Amino acid sequence: MTLDTDFVRAQFPAFSEPSLSGQAFFENAGGSYACGPVIARLERFYRSRKVQPYAPYEASRLAGAEMDEARQRLAAMLNVESDEVSFGPSTTQNTYVLAQAFRQWMRPGEAIVVTDQDHEANSGPWRRLAQDGIEIREWRLDPETGMLRLEDLENLLDENVRLVCFPHCSNVVGAVNPVVEITAASHAAGAFVCVDGVSYAPHGFPDVGGMGPDIYLFSAYKTYGPHQGIMVIRRALGQLLPNQAHVFNADVLYKRFTPAGPDHAQVAASAGMVDYFDALAAHHGIEGTASARAAGVHDLMRAHEAQLLQPLLDAVKARNSVRLIGPSDAESRAPTVALALNRPGVEAAAQLAERGIMAGGGDFYAVRPLTALGVDPDKGVLRLSFVHYTTRDEIDRLLNALDDIL
């Protein structure tokens, strides 16, 4: 089965937007285009549901029902319970709130493992807990390959470790980390697991329930949705941590870690992401439960992306003037490709923009991994990132543009 990119692109209004015509989008790791169902739901909410939800009058009842629908359908797709899914203003904010809960729960001398492969959102908030006497242990990447080695983590684990935080994949290294194996090793040592899925989820929603982490975070604006942070917190851990919300919300799991009120319209619009994935599944003949359909769409997306990614990796790894960050095998990484050049990445991105290629340059909040890899963060990298709606024609245009500027 191959992905029908004509059908896919028809679901995204951006591809019929005149102001974007003639440009190829290669900065999807910074945020994807929103799909049509999300935009439609957001507009409908603002037109006819923009009232305080959960009151007895009809507009309010419908508003609350749409918010509940989003949480319930996302949970089913992620293979978790509906009250284990929470919404917040961003993944960075969600992580900060979780860190405060762990700060209150943990005792001085207990430890958290973080990596230097993460961007700052799933690293900085945890590292700050050292100020309260919590030990921070760093799981360091291989400075040559950028990879995390499981044996290095195992050397850090002991009875004092309460939490292990790592990315599903890094936003500059791109390598897909073995979540199941890392989670199993951490659980065996008595530690909980927090996975930053921001850079992986755009390439297919994961089976969080099947993989087993206790926390999984991602950003809806990178998965074709509104600007929301979405977090899965499994019930056993969520009920153990101190409540961070209003005292009267302490018994509602999906409210315990959202101290501010949710953005009603954006929460409701998040159901549009599931609408889109269900439409993809139906169009390609993928059937079964919500999580089974999501798994089928995930595999379809990943196969399409890998087919487009390998020619790009082959083209850049052959250049002496370019350092490809992360693995050169498309099957083992996400299509987020960071290139260290002999000039600032933002300059190369500007040159690509003149040729109709929308890409990014800079450090991308990944100062720690770039430094560990020997890349000057002030110079940064050129980042080329795409998702399943990218076509082979756009890859060819990118390769021609790279030939021009490199």
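The values are calculated or read from the model by the stated rules, or taken from the named source; none is laboratory data. Bear in mind the structure is a predicted one, so any value in this text is a computation, not a measurement. When we count neighbours, we look across all protein chains shown, and the Cβ atoms used for this are built from the backbone with ideal geometry, even at glycine. Just so you know, the surface numbers come from the protein's heavy atoms only, side chains and all, with ligands and any DNA or RNA stripped out. Shrake-Rupley method; radii C 1.70, N 1.55, O 1.52, S 1.80 Å.
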| query | If you take the residues in the range 180-224 that are in contact with a Phe, Trp or Tyr (Cβ under 8 Å, 6 or more places away or on another chain) and charged (D, E, K, R), which one is farthest from Val38 (Cα to Cα)? | reply | Asp214
| Pairs where the first residue, in the range 382-406, is under 16 Å from Lys317 (Cβ atoms) and the second is hydroxyl-bearing (Ser, Thr, Tyr) and surrounded by fewer than 23 Cβ atoms within 10 Å (Cβ to Cβ), C-beta under 9 Å, 6+ apart | Leu406/Ser321
| Residue among Ala318, Ala334, Ala303, Ala294 that alone is open to solvent by 50 Å² or more (accessible area, probe 1.4 Å) and in contact (Cβ under 8 Å) with a residue 60 or more places away in the chain | Ala303
| Candidates Asp314, Asp329, filtered to the one that is within 22 Å of the chain's Cα centre (by Cα) and in the same structural domain as Tyr389 (by the TED database) | Asp329
| task | Could you give me the residue pairs with C-beta distances under 6 Å whose first residue belongs to the range 217-244 and is assigned to a loop (DSSP other than H, G, I, E, B), whose second residue is basic (Lys, Arg) wherever it lies, and which are 6+ apart or on separate chains? | result | Asn243/Arg256
| remark: In the range 144-170, anything open to solvent by less than 10 Å² (accessible area, probe 1.4 Å) and among the polar types (S, T, N, Q) is listed as Ser170
| remark: The residue that is farthest from Ala401 (Cα to Cα), considering only those in the range 36-63 that are charged (D, E, K, R), in contact (Cβ under 8 Å) with a residue 24 or more places away in the chain and surrounded by 15 or more Cβ atoms within 10 Å (Cβ to Cβ), is Arg49
| query | Of the residues Leu141, Leu129, which is open to solvent by less than 20 Å² (accessible area, probe 1.4 Å) and under 20 Å from the mean Cα position of the chain (by Cα)? | reply | Leu141
| task | Just name the residue that is nearest to Ser90 (Cα to Cα) out of those in the range 247-267 that are in contact with a Leu (Cβ under 9 Å, 6 or more places away or on another chain) and assigned to a loop (DSSP other than H, G, I, E, B). | result | Phe257
| said: I'm trying to understand the selection: among the residues of the range 64-98, which are acidic (Asp, Glu) and open to solvent by less than 30 Å² (accessible area, probe 1.4 Å)? | reply: Glu66, Glu84
| task | Working only within the range 13-35, note down all residues that are free of Cβ contacts under 8 Å to residues at least 60 places away in the same chain and outside any loop (DSSP other than H, G, I, E, B). | result | Pro13, Ala14, Ser16, Pro18, Ser19, Leu20
| task | For Ala121, indicate whether it is in contact with a helix residue (DSSP H, G or I) (Cβ under 8 Å, 6 or more places away or on another chain), touching a residue at least 12 places away in the same chain (Cβ under 8 Å) and over 28 Å from Ala279 (Cα atoms). | result | yes
| field | Extreme residue, farthest from Pro335 (Cα to Cα), among residues of the range 186-199 that are open to solvent by 20 Å² or more (accessible area, probe 1.4 Å) and part of a helix (DSSP H, G or I) | value | Ala188
| task | Being open to solvent by less than 40 Å² (accessible area, probe 1.4 Å), modelled with pLDDT of 95 or more and either of a type in the set (A, V, I, L, M) or under 21 Å from Val252 (Cβ atoms) (or both) is the filter here, so list the residues in the range 101-126 that pass it. | result | Ala101, Phe102, Met106, Ala111, Ile112, Val113, Val114
| query | Can you spot a residue in the range 365-387 that is open to solvent by 30 Å² or more (accessible area, probe 1.4 Å) and under 22 Å from Ala24 (Cα atoms)? | reply | no
